[in-house]
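Here is the structure we will look at.
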Amino acid sequence: MKWTKAFRKTRGKEMAVDPTFDFEKRRNRPVKYDRELMQQTLRAMKRVEEIKSARQQRFYKNRMKDVKQIEKVRARKEIVQSIDLVAPAASKQRQKTNVVEKAKAKLEQAKSANLEVGK
């Protein structure tokens, strides 16, 4: 099952080993309430969460750093395989640009002819 945590961890898609996971363990010892201890604990929890999120972002970036190159290779391979579909579109594009250029040239000639006649 591809969507389970176990599958994702074995395939290297999620962080499997991280010391911040140790902080999430359940501790069954009751502790006498102490205001300072509670404040320290809350500050530590926030800091651990910051560290954990930074590590997760780094892990994701490292996993995705080669994806753009792979996508480029796939795209080039697909173009090579489907060149018969791409080539007619490219030639049509060239024809359109040639037609536009010819029309602009005719327009310029007509303008210059009108200017010469008006002199």
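Laid out as a table, the results:
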| quantity | calculated |
| --- | --- |
| Looking only at the range 1-31, and only at residues there that are over 23 Å from Ile51 (Cβ atoms) and in contact with a Lys or Arg (Cβ under 9 Å, 6 or more places away or on another chain), the one that is surrounded by the most Cβ atoms within 10 Å (Cβ to Cβ) | Phe7 |
| Filtered residues of the range 67-102 (kept if more than 30 Å from Lys13 (Cα to Cα), modelled with pLDDT of 75 or more, open to solvent by less than 100 Å² (accessible area, probe 1.4 Å) and not aliphatic (A, V, I, L, M)) | Ser82 |
| Residue list for the range 103-119, filter: outside any helix (DSSP H, G or I) and either open to solvent by less than 100 Å² (accessible area, probe 1.4 Å) or modelled with pLDDT of 70 or more (or both) | Gly118 |
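The values are calculated or read from the model by the stated rules, or taken from the named source; none is laboratory data. Values in this document were obtained by computation on a predicted structure and should not be read as measured data. Cβ: placed from backbone, ideal geometry, glycine included. Neighbour counts: every protein chain shown. Areas reflect the complete protein model, heavy atoms only, side chains present, ligands, DNA and RNA absent. Shrake-Rupley method; radii C 1.70, N 1.55, O 1.52, S 1.80 Å.
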